[in-house]
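Some notes on the structure that comes next.
The values are calculated or read from the model by the stated rules, or taken from the named source; none is laboratory data. Everything numeric here is computed off the predicted structure, so don't read it as measured data. Ideal geometry is used to build each Cβ from the backbone, glycine not excepted, and the neighbour counts take in all protein chains shown.
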């Protein structure tokens, strides 16, 4: 029996890890399996001349309403069009919104050709384009994505944020409306023309759809709806981190169950292995014996009898479909969080579910296996960068990993999510990491207010963070920080302490600065005791609710937080999920003749 695993559209720069890892694991068990990364394939379709002309036709058809809508976003429109016209030498568009639309329509064929050529160049050369071209080309494609957003307004399409619709992916009724809305959901046409014919020709017995983020829910369920309508008899199972988060809500019957046949909870390897065997065994579907599975039987939703934890040491080196030169390769070396005490965070519970009683403990993959993964992937894909997707890598484990990389003489660059631990305040420690190829770390400052940081149970010393930033700058490690604005009871004055920290340490903040509002989420310590933090959750009635609105009795409200965040983003000229970090790596890798792998400028000339 053939199994097909699919990852819906989400992020342009690199593939998500789930499908490549599951594909490799199932193949190691002798199954016939194919991984389909729509994340990578959809752009060649959407940015083709044929599809871009359809996009322009849609924009022309709704021009009047779009002009009226865009008047409320005049500054943003001006910025996009001016930037695009400059990098493409199309001439400066006029000031008024209507004139800017006319400019865009007058340059239709030039814009279409530029976007198509840009996509082809990115596919062929990718990071070998060099820092400036890569940034410019990424922005060009971003403009193409924005044009698609105009054509299907109010749907928005982003290379870094995926697809967002006016429909709430946490509301079942909204999902059911979205998957049939041809005016706003451009994926329907794409799936019907590109994916369904392929699936019908392959005729798989099992289709697994991995949804690791809510932004993948509507894309994923849209595809399932079309598969069911096509008459293909394949069993459809859904899984992924976010599916596991909402798995307890899927234990009750809903319209969603018309779109799939089962729910895979947790890591997925053991479940998919046993599910494939069950479906392939003389047609007898003994789903009750498949571990960590929710399934429908005679109109009832049931949880399988078997509960099983998956050891990360049993994972297999991922198998990617990456064809671009020097890609970004994600790799997981641990599950959970080694600290796991921040009161706002649900990551310690990732890929665990209360209904299967899976443990939420921190688990590490043996360093021998991690090194083996790195060696194999480095040889096969020659990546520009390894992206360790662990929730957090402790300083001690990162040091051991760096030592092994140097001992084995492995020539790579890598980054990961870390904590602002004491070890990083040592310049010698940072030098060792840099020598091994550690080029950047993402870590949470969260708040520069000592009171708020303590209330978060973040256990971060602000003075240590300052030393870490200086050490990173000294050793050429790129510092990327996360901050939270509007944590419960935080005053405007306390929030502005974080602003002051950013200003005072601006020269050392060499990478991304992410400012986020506080999110009240399911399965977090603060959600279990909201009164302690002077907030009252508001039950909005979503069917798959993971995020909650709330009322405050003191401190910044949600509305005040968002207003302050807008001011800070404007003041610091920040872009949420930009490519600043990645473009710095490109610059370092390909244009520094002293780089550790000796690529240098000469290689580019050849």
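Can you tell me which residue in segment 142-157 is nearest to residue 580 (Cα to Cα), limited to those that are in contact (Cβ under 8 Å) with a residue 24 or more places away in the chain and surrounded by fewer than 20 Cβ atoms within 10 Å (Cβ to Cβ)?
Among residues in segment 142-157 that are in contact (Cβ under 8 Å) with a residue 24 or more places away in the chain and surrounded by fewer than 20 Cβ atoms within 10 Å (Cβ to Cβ), the one nearest to residue 580 (Cα to Cα) is 146.
Tell me, which strands (runs of 3 or more DSSP E) lie completely within segment 378-468 with 1 or more residues that are free of Cβ contacts under 8 Å to residues at least 40 places away in the same chain? Working first, answer last.
On the way: elements: 385-388, 414-417, 438-446.
Output list reads 414-417, 438-446.
Return yes when residue 352 is at pLDDT 90 or above, closer than 30 Å to residue 304 by Cα and crowded, with 18+ Cβ neighbours inside 10 Å and no when it is not.
Numbers: at pLDDT 90 or above: no; closer than 30 Å to residue 304 by Cα: yes; crowded, with 18+ Cβ neighbours inside 10 Å: yes.
No.
Report yes if residue 83 is buried (at least 18 other Cβ atoms within 10 Å of the Cβ) and in a helix (DSSP H, G or I), otherwise no. Steps first, answer last, please.
Values: buried (at least 18 other Cβ atoms within 10 Å of the Cβ): no; in a helix (DSSP H, G or I): yes.
Against the criterion (buried (at least 18 other Cβ atoms within 10 Å of the Cβ) and in a helix (DSSP H, G or I)), residue 83 does not qualify.
Restricting to segment 1-32, count the residues that are part of a strand (DSSP E or B) and either within 19 Å of the chain's Cα centre (by Cα) or free of Cβ contacts under 8 Å to residues at least 60 places away in the same chain (or both).
Within segment 1-32, the subset part of a strand (DSSP E or B) is 2-7, 32.
Filter again for either within 19 Å of the chain's Cα centre (by Cα) or free of Cβ contacts under 8 Å to residues at least 60 places away in the same chain (or both), leaving 5-7, 32.
Selection size over segment 1-32: 4.
If residue 536 passes every condition in (1) free of Cβ contacts under 8 Å to residues at least 40 places away in the same chain; (2) in a helix (DSSP H, G or I) but one, which one does it miss?
(2)
Would you mention how many residues in segment 417-438 are closer than 23 Å to residue 502 by Cα and surrounded by fewer than 23 Cβ atoms within 10 Å (Cβ to Cβ)? Before you say what the answer is, go through the steps one by one.
Keep residues of segment 417-438 that are closer than 23 Å to residue 502 by Cα, which gives 417-427, 430.
Next, from what is left, pick out any that are surrounded by fewer than 23 Cβ atoms within 10 Å (Cβ to Cβ): 417, 419, 421-423, 425-427.
Looking only at that region, the number is 8.
Take the conditions surrounded by fewer than 22 Cβ atoms within 10 Å (Cβ to Cβ), closer than 15 Å to residue 420 by Cβ and assigned by TED's automatic domain parsing to the domain that holds residue 565 and apply them to residue 470. Does it pass? Let's see the steps before the verdict.
Working: surrounded by fewer than 22 Cβ atoms within 10 Å (Cβ to Cβ): yes; closer than 15 Å to residue 420 by Cβ: yes; assigned by TED's automatic domain parsing to the domain that holds residue 565: yes.
In short, yes.
Looking only at segment 278-295, count every residue that is at pLDDT 85 or above and surrounded by 16 or more Cβ atoms within 10 Å (Cβ to Cβ) and tell me the total.
Filtering segment 278-295 down to residues at pLDDT 85 or above leaves 278-279, 287-295.
Subset that is surrounded by 16 or more Cβ atoms within 10 Å (Cβ to Cβ): 278-279, 287, 290-295.
Summing the residues that are at pLDDT 85 or above and surrounded by 16 or more Cβ atoms within 10 Å (Cβ to Cβ) in segment 278-295 gives 9.
Among the candidates 267, 215, which residue alone is in a helix (DSSP H, G or I) and surrounded by 19 or more Cβ atoms within 10 Å (Cβ to Cβ)?
Checking each option against the conditions leaves just 215.
With respect to residue 355, is the statement that it is touching a residue at least 12 places away in the same chain (Cβ under 8 Å), part of a strand (DSSP E or B) and touching a helix residue (DSSP H, G or I) at 6+ places or on another chain (Cβ under 9 Å) true? Walk me through how you get there before you give the answer.
Working: touching a residue at least 12 places away in the same chain (Cβ under 8 Å): yes; part of a strand (DSSP E or B): no; touching a helix residue (DSSP H, G or I) at 6+ places or on another chain (Cβ under 9 Å): yes.
For residue 355, the condition - touching a residue at least 12 places away in the same chain (Cβ under 8 Å), part of a strand (DSSP E or B) and touching a helix residue (DSSP H, G or I) at 6+ places or on another chain (Cβ under 9 Å) - is not met.
Would you tally the residues in segment 499-526 being in a helix (DSSP H, G or I) and surrounded by fewer than 22 Cβ atoms within 10 Å (Cβ to Cβ)?
Qualifying residue count, segment 499-526: 10.
For segment 201-210, enumerate the residues that are loosely packed, with under 14 Cβ neighbours inside 10 Å and in contact (Cβ under 8 Å) with a residue 12 or more places away in the chain.
Looking only at segment 201-210, we keep the residues that are loosely packed, with under 14 Cβ neighbours inside 10 Å, and these are 201, 203.
Once the filter is applied, which keeps residues that are loosely packed, with under 14 Cβ neighbours inside 10 Å and in contact (Cβ under 8 Å) with a residue 12 or more places away in the chain, segment 201-210 yields only 203.
Just the residues that are within 18 Å of residue 308 (Cα to Cα), touching a residue at least 60 places away in the same chain (Cβ under 8 Å) and part of a helix (DSSP H, G or I), please, taken from segment 270-297.
Those that are within 18 Å of residue 308 (Cα to Cα), touching a residue at least 60 places away in the same chain (Cβ under 8 Å) and part of a helix (DSSP H, G or I): 272, 273, 275, 276.
Quick one: what pairs do we get from segment 569-583, first residue at negative phi and surrounded by 13 or more Cβ atoms within 10 Å (Cβ to Cβ), second assigned to a helix (DSSP H, G or I) and modelled with pLDDT of 85 or more, C-beta under 7 Å, 6+ apart or different chains?
These pairs meet every condition: 572/502; 579/135; 579/138; 583/131; 583/134; 583/135.
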